[in-house]
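Read the structure below first, then the notes.
The values are calculated or read from the model by the stated rules, or taken from the named source; none is laboratory data. Keep in mind the model is a prediction, meaning the values are calculated, not measured. When we count neighbours, we look across all protein chains shown, and the Cβ atoms used for this are built from the backbone with ideal geometry, even at glycine. Accessible surface areas use protein heavy atoms only, side chains included; no ligands, DNA or RNA. Shrake-Rupley method; radii C 1.70, N 1.55, O 1.52, S 1.80 Å.
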Amino acid sequence: MKLSHLRRDPSAVGRGSGRWLRSPRWREFDWHVLAIALLIFAIGLLFIQAISGDEHISGRQKVDFRGHLKKVIVALPCFLFALYLRPRWLRRNAWLLYGLCFTLVALVPFIGVERNNARRWIDLSFYDLQPSELVKLGVILILARVLQSNRLRRLSDWKLPVALVLLPILFILKQPDLGTAMTLVPITLGMLYLAGARARTIMKLVFASALLGVCAYQFQWIEGYQAERIDTWLSSYEAEELIENKHGAAFHAYQARTAIGNGYYFGKGLGEGVATRVRSLPELDSDSVLAVILEEAGLVGGGALLLAYALFIALIFISASEMRDRFARLVVGGIGLSFAAHLFIHCGVNLGLLPMTGLPLPLVSTGGTSLLMSLTAIGLALGLSSHYERTLDEDSFKRY
């Protein structure tokens with residue numbers, strides 16, 4: 001190898017922002033990933049606009065489409081900023097970014113605002129910031145930084161990455177925000193596997209996590225309303241039980257399944273679903289948006305959206321597998337895992353396969369911080385895959 005190949009790219013060296021910002025290599029840009037993301041995002045906007053269009057029919061659950069567009073305008077610059085970030089700067093400042101995200105989560109009990117018996121948001125007057133959403137990206141960055149030189153070959157190698165994840169999880173559970181905490185588990189396990197952990201060890205951790213969850217339920221280590229949701233979920237597999245409690249604890253689950261069943265194959269039409277017109281389904285523009293889509297677009301339309309989402313995630317993983325820089329590969333892989341975890345949990349909750357918990361569908365649901373985090377994550381994934389950073393990692397030339 002010639003020494004000239006190890007020199008810095010002159011176009012990347014400069015004063016000010018040139019040290020941490022650089023234009024992507026557009027010839028290597030994953031335009032297909034961006035195209036599918038924009039398609040999913042456009043479909044989300046279409047349904048949110050339809051949901052907000054029937055406010056004159058029912059005054060309940062007002063959906064502010066213009067407010068959602070304002071949040072989009074705030075989030076778009078974050079996408080562009082993440083797209084132009086240099087991998088080397090991101091790697092060097094991963095600890096700082098993780099620290100900022102964790103600090104915001106730690107401040108929520110002191111300066112956060114309480115809504116629906118949960119304290120998760122920081123009111124910025126012009127924007128409601130939910131730090132638990134941002135900490136997902138912080139965890140991905142810090143795990144990639146720690147695992148960059150850690151192959152998890154000894155028991156001691158596991159202590160730091162596991163501790164860095166458990167710390168924010170404990171704070172998030174205190175808010176309480178079980179849905180966000182749940183997403184961090186598969187993200188962490190997946191990144192540990194991508195970093196070199198054995199599948200057998202990962203399966204042991206999965207079993208331990210499941211056992212811990214069962215113990216938390218049996219010994220009442222969780223909040224009362226969370227235990228009630230699990231009880232309702234366990235009993236709602238029987239149609240009689242679900243119908244009997246449709247005006248009580250099973251109200252949300254019943255309305256979600258009723259909306260999905262109303263859609264049949266081709267749906268009721270955009271904005272014509274019962275959930276949209278009567279506002280019978282709680283959080284129909286965020287936590288229950290999939291049920292609305294399946295009612296109005298049917299199995300065919302909703303299934304097509306889910307296939308597009310699955311393809312989007314698969315292409316992110318393929319992009320990660322082709323990267324030679326271990327840090328960038330882990331970051332992009334973690335972003336793919338984050339979208340996959342959200343999709344799985346959101347679908348599972350709406351279909352009744354998982355206990356009821358509040359979790360939006362990224363790029364589709366409303367929610368300012370969720371949208372901010374999603375667009376920033378996509379910008380990072382596209383930017384890292386199109387930036388070329390020379391690396392001498394021992395596995396930099398391997399393909400996974």
Inset, instruction - Mind putting a number on the dipole of the chain about its Cα centre? Charges go on the C-beta only, +1 for Lys and Arg and -1 for Asp and Glu, and I need it in Debye to the nearest 20. - result: 2380 debye
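Defining a contact as two alpha carbons under 8 Å apart and six or more residues distant in sequence, what relative contact order in percent does the range 206-311 show? Could the numbers behind the result be given before it?
Values: 104 pairs, mean separation 21.8, N = 106.
Over the range 206-311, the number comes to 21 percent.
Please check the chain for the longest run free of GluC sites (Glu not before Pro) that are loop-located per DSSP (anything but H, G, I, E, B) and have at most 10 other Cβ atoms within 10 Å. It would help to have the intermediate numbers written out before the result.
Details: sites that count: Glu238, Glu394.
Counting at most 10 other Cβ atoms within 10 Å as exposed, the longest clean stretch of the chain is 1-237.
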Legend entry - Long-range HN-HN contacts of Arg120 with modeled amide H, under 5 Å: Val113, Arg115
Legend entry - Environment charge of Thr188, counting only residues whose C-beta is closer than 15 Å and scoring Lys/Arg +1, Asp/Glu -1: +3
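With a ≥ b ≥ c taken as the square roots of the eigenvalues of the C-alpha gyration tensor of the range 156-230, please select rounded if a/c is under 1.5 and otherwise prolate if a/b is larger than b/c or oblate if it is not?
Details: a/c = 2.40, a/b = 1.71, b/c = 1.40.
It is prolate, given that a/c is not under 1.5 and a/b is the larger ratio.
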Legend entry - Candidates Ala210, Ala195, Ala144, ranked by Gaussian network fluctuation over the chain, Cα under 10 Å, top entry: Ala210
Legend entry - Angle in degrees between helix 31-52 and the longest Cα principal axis of the chain, rounded to the nearest 10: 30 degrees
Inset, instruction - Return the single residue from His342, His247, His387 with maximal mean-square fluctuation; model: Gaussian network over the chain, springs between Cα atoms under 10 Å. - result: His247
Inset, instruction - Give the angle, between 0 and 90 degrees and rounded to the nearest 10, that separates the Cα long axis of helix 326-351 from the longest principal axis of the Cα atoms of the chain. - result: 10 degrees
Inset, instruction - Counting residues in the range 24-173 as N, plug N into 2.2 N^0.38 Å and put the Cα Rg over that result. - result: 1.31
Legend entry - Whole-number accessible area per residue in Å² for the chain, which is evaluated in the context of all protein chains at 1.4 Å: 50 Å²
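Per-residue ellipticity at 222 nm for the chain, helices alone: DSSP H runs ≥ 4 residues times -39500 (n - 2.57), over residue total, nearest 500 deg cm²/dmol?
Details: 15 runs with 249 residues, N = 400.
After summing the helix terms and dividing by residue count, I get -21000 deg cm²/dmol.
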Legend entry - Listed pairs Lys71/Lys268; Lys71/Lys204; Lys71/Lys174; Lys71/Lys159; Lys70/Lys268 exceeding 31 Å between Cα atoms: Lys71/Lys204; Lys71/Lys159
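What Kirkwood radius, in Å to one decimal, follows from the Cα pairs of the chain?
22.3 Å
Using a probe of 1.4 angstrom, how much of the accessible area of the range 119-220 is carbon and sulfur, in percent? Please list the in-between numbers first.
Values: 3410 of 5290 Å².
Heavy-atom surface of the range 119-220 belonging to carbon and sulfur, 1.4 Å probe: 64 percent.
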Legend entry - Between the range 158-205 and the range 363-381, the Cα center-to-center distance that results, in Å: 21 Å
Legend entry - Alpha carbon centroid spacing (whole Å) that separates the range 297-348 from the range 63-119: 21 Å
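Ordering Asp128, Asp287 by accessible area with a probe of 1.4 Å, largest first, what comes out? If you can, show how the numbers build up before the last one.
Details: Asp128 60, Asp287 40 Å².
Greatest to least solvent exposure: Asp128, Asp287.
Relative contact order for the chain: what is it in percent, counting Cα pairs under 8 Å that are at least 6 residues apart?
Numbers: 549 pairs, mean separation 106.5, N = 400.
Averaging sequence separation for qualifying contacts and normalising by length gives 27 percent for the chain.
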Inset, instruction - Under a 10 Å cutoff between Cα atoms, tell me which one of Ala297, Ala256, Ala42 has the largest fluctuation in the Gaussian network model of the chain. - result: Ala42
Inset, instruction - Could you state the angle between the C-alpha long axis of helix 199-218 and the longest principal axis of the C-alpha atoms of the chain, as a value from 0 to 90 degrees rounded to the nearest 10? - result: 40 degrees
